[in-house]
Amino acid sequence: MHRFAKPSVFLKLTDPILPWLAGATAILIAAGLYFALFASPIDYQQGDTVRIMYLHVPAAWMGLFCYVGMAICGAMSLIWKHPLADICARATAPIGATFTALCLITGSLWGEPMWGTWWVWDARLTSMLILLFLYLGYIALVNAFDDPERGSKAGSALALVGAINVPIVKFSVDWWNTLHQPASIVRMDGPAVDPSMQLPLALMILGFTSYYFVVLILRVRLELNERRIRALQLSGMFDERPDHKDAGSRNYEAGHNMEANQ
Amino acid sequence: MNGFFAILRRDLSLALRQGADSVMVVAFFIVTTTLFPFGVGPEANILARIASGVIWVSALLAAMLSLERVFQTDYEDGTLELLTLSPVSLELLVLGKVLAHWLTTGLPLIIAAPLMALMLNMDQDGFITLMVAMLLGTPALSLIGAIGAALILGARRGGVLVSLLVLPLYIPVLIFGAGAVEAALLGISATAQLQIMAAILLIALAATPFATANAVRQAME
């Protein structure tokens with residue numbers, strides 16, 4: 001695994017993968033949306049509003065998935081000091097925060113016609129909201145330092161602390177809600193999901209997950225290229241660019257691995 | 001252990017000589033609590049109903065606002081760097097600083113809490129539970145908050161940042177702290193909530209010094 005932590009190896013590996021992954025994302029989401037919006041039956045109680053679920057559930061899944069990914073990247077960056085793990089953790093945070101926000105927004109759009117209110121202090125809603133706060137705290141902390149390295153390190157520690165805390169928060173919010181449970185709420189987890197609805201749901205979840213990897217690769221590549229430009233500018237390589245093709249690719253490698261080799 | 005007591009004595013005497021710090025935390029707590037009757041109206045029933053929550057939220061905010069001074073001044077004058085370099089384990093020193101922080105902020109808050117509970121018309125059945133819950137909860141607040149205080153060393157706008165980092169992590173303490181008082185007021189046993197708070201405190205005591213020491217070392221790199 002450590003082999004892949006080199007930025008240049010990452011770039012070489014993701015180069016051929018990226019178009020396939022992007023294509024798969026487009027097909028999965030297109031198919032998922034077709035099944036979700038047209039080819040699936042309406043719910044006998046919820047009517048067409050049930051279709052919001054096909055966006056809502058995958059978004060909730062991605063919100064949690066990204067946080068776990070961020071914590072794992074943070075742990076890797078603290079233990080092995082991989083520069084790539086840092087960049088992955090940083091790149092994941094805004095994606096996860098967006099999915100969590102999407103989950104909250106679609107949830108409240110669904111709640112208005114179903115529950116008759118935009119927001120309920122339900123245990124799940126509240127824990128998702130707290131997850132969003134954790135994401136925002138991470139993003140704010142990472143960007144609060146003049147030295148991006150220090151920001152990433154602090155962020156990694158916070159992501160780990162948060163990952164330990166998330167189950168405790170979840171448990172305590174569940175407890176809190178059973179204490180203050182309002183009279184009656186239509187719960188989402190009534191009967192099991194019908195097979196005709198499982199297909200679009202699975203497609204959308206897969207599509208969202210591969211969308212995350214596409215965006216992650218793009219963001220990491222952007223960050224790597226920015227760093228490379230900075231490194232090249234600092235070392236003045238732009239001024240004396242050799243005509244030699246071999247020398248050019250050697251410099252390319254040098255620029256990418258500069259931080260990894262430190 | 002000598003290092004632990006030395007740092008505890010140093011931080012305590014520093015805090016006592018500039019006594020304003022502790023007084024300020026209590027004053028903030030009292031003023032914040034006093035704002036609520038203006039916001040929700042002076043009806044005794046409503047105030048009694050929300051008293052436990054109001055006291056806990058105000059205590060949370062007061063504990064959070066005082067976090068900055070755990071490491072900030074030592075960071076600025078270089079003391080923290082020497083502490084990091086010293087042969088004594090940094091985790092122990094961090095624990096000493098956190099204990100000093102709790103003795104100068106958490107303890108005064110516990111003493112001030114029944115007074116505010118009285119003013120908010122809370123039923124007297126809940127007083128003992130409130131104080132026990134705060135005795136278990138406020139050390140956990142200091143321990144968890146110290147991580148945030150160490151993470152923001154050297155950051156821009158650290159004071160605002162620490163609230164965003166630490167407040168979500170405070171939620172479990174708030175839930176069980178307020179829940180314990182609520183249970184006592186309803187005449188139910190609050191043992192379950194208090195036990196969970198003790199568990200949170202023990203976990204925090206075992207785990208947070210490592211995270212905090214790690215964050216301090218990062219700030220020194």
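The values are calculated or read from the model by the stated rules, or taken from the named source; none is laboratory data. Please read these numbers as outputs of a predicted model, since none were measured by experiment. Cβ: placed from backbone, ideal geometry, glycine included. Neighbour counts: every protein chain shown.
Residues in the stretch A:111-143 that are at the interface with chain B (Cβ under 9 Å from one of its Cβ atoms), in contact (Cβ under 8 Å) with a residue 40 or more places away in the chain and of a type outside the set (Val, Ile, Thr): A:LEU131, A:LEU134, A:TYR138.
Counting only residues that are facing chain B (nearest Cβ under 9 Å) and within 18 Å of A:MET70 (Cα to Cα), which one in the stretch A:145-155 is surrounded by the fewest Cβ atoms within 10 Å (Cβ to Cβ)? Applying the filter and picking the extreme gives A:GLU149. Screening A:ARG228 with (1) surrounded by 12 or more Cβ atoms within 10 Å (Cβ to Cβ); (2) modelled with pLDDT of 85 or more gives one miss only, at (2).
Looking at B:VAL216, B:VAL132, just one residue is over 17 Å from the mean Cα position of the chain (by Cα) and assigned to a helix (DSSP H, G or I), and that residue is B:VAL216. For the stretch B:77-110, the set of residues classified as among the polar types (S, T, N, Q) and surrounded by fewer than 17 Cβ atoms within 10 Å (Cβ to Cβ) consists of B:THR79, B:THR84, B:SER86, B:SER89, listed by residue number.
Scanning the stretch B:33-53 for residues that are under 13 Å from B:ALA117 (Cβ atoms) and either in a loop (DSSP other than H, G, I, E, B) or of a type in the set (D, E, K, R) (or both) yields a total of 1.
Every test in (1) within 30 Å of B:ALA219 (Cα to Cα); (2) at pLDDT 90 or above is passed by B:ALA133 save one, and that test is (1). If you filter the stretch A:160-200 down to residues that are more than 14 Å from chain B (Cβ to nearest Cβ) and at pLDDT 75 or above, you find that the one that is surrounded by the most Cβ atoms within 10 Å (Cβ to Cβ) is A:PRO200. Residue count for the stretch A:96-110 satisfying the condition of being more than 14 Å from chain B (Cβ to nearest Cβ), crowded, with 21+ Cβ neighbours inside 10 Å and within 30 Å of A:LYS6 (Cβ to Cβ): 2.
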